[in-house]
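Here is the structure we will look at, set down as structure tokens.
The values are calculated or read from the model by the stated rules, or taken from the named source; none is laboratory data. Small disclaimer: the values here were computed from a predicted structure and weren't measured. Glycine also receives a Cβ, built like all others from the backbone with ideal geometry; neighbour counts cover every protein chain displayed.
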Amino acid sequence: MAKQKIVVKVAMHTEKKARKALQTVVSFCGVESAAFEGADKDQIAVIGEGIDSVKLTAKLRKCVGHTDLVSVGAEEEKKKEEEKKKKDECEAFMEYCPYPYPYPYYYGCYGAPYYGCRM
């Protein structure tokens with residue numbers, strides 16, 4: 001199965017309802033991430049595999065209040081392209097370092113190890 005992105009608009013008037021809505025969403029099986037979206041932060045974007053959007057909406061209506069299903073679709077692949085670009089930049093940085101061993105071992109360049117060379 002491919003990852004899907006579900007956007008749900010929830011009537012969250014207080015912070016307590018917002019926390020309750022997020023806890024309800026995260027408790028579903030298959031959810032990988034959930035985040036608030038929209039100008040008023042009244043929408044919740046859920047990303048995962050095998051999530052039933054109708055059951056999710058019904059559960060939110062029961063626990064929080066008025067809920068509308070805004071959209072259901074495939075997750076965008078932009079994140080993978082950005083990760084590849086970061087990895088390529090880091091590899092270029094590693095190739096620049098002419099003498100890696102005499103310098104102390106550091107972590108840098110998006111978490112990849114390097115040996116103290118500066119650009």
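Contact map, segment 13-39: residues that are farther than 20 Å from Ser71 by Cα paired with residues that are in a helix (DSSP H, G or I), Cβ distance under 8 Å, separation 6+ or inter-chain. Pairs shown: Lys20/Cys63.
Restricted to segment 2-119, the set of strands (runs of 3 or more DSSP E) holding at least 2 residues that are at pLDDT 90 or above, surrounded by 15 or more Cβ atoms within 10 Å (Cβ to Cβ) and out of contact with any Gly (no Cβ under 8 Å at 6 or more places or on another chain) comprises 4-10, 31-37, 43-48, 67-74.
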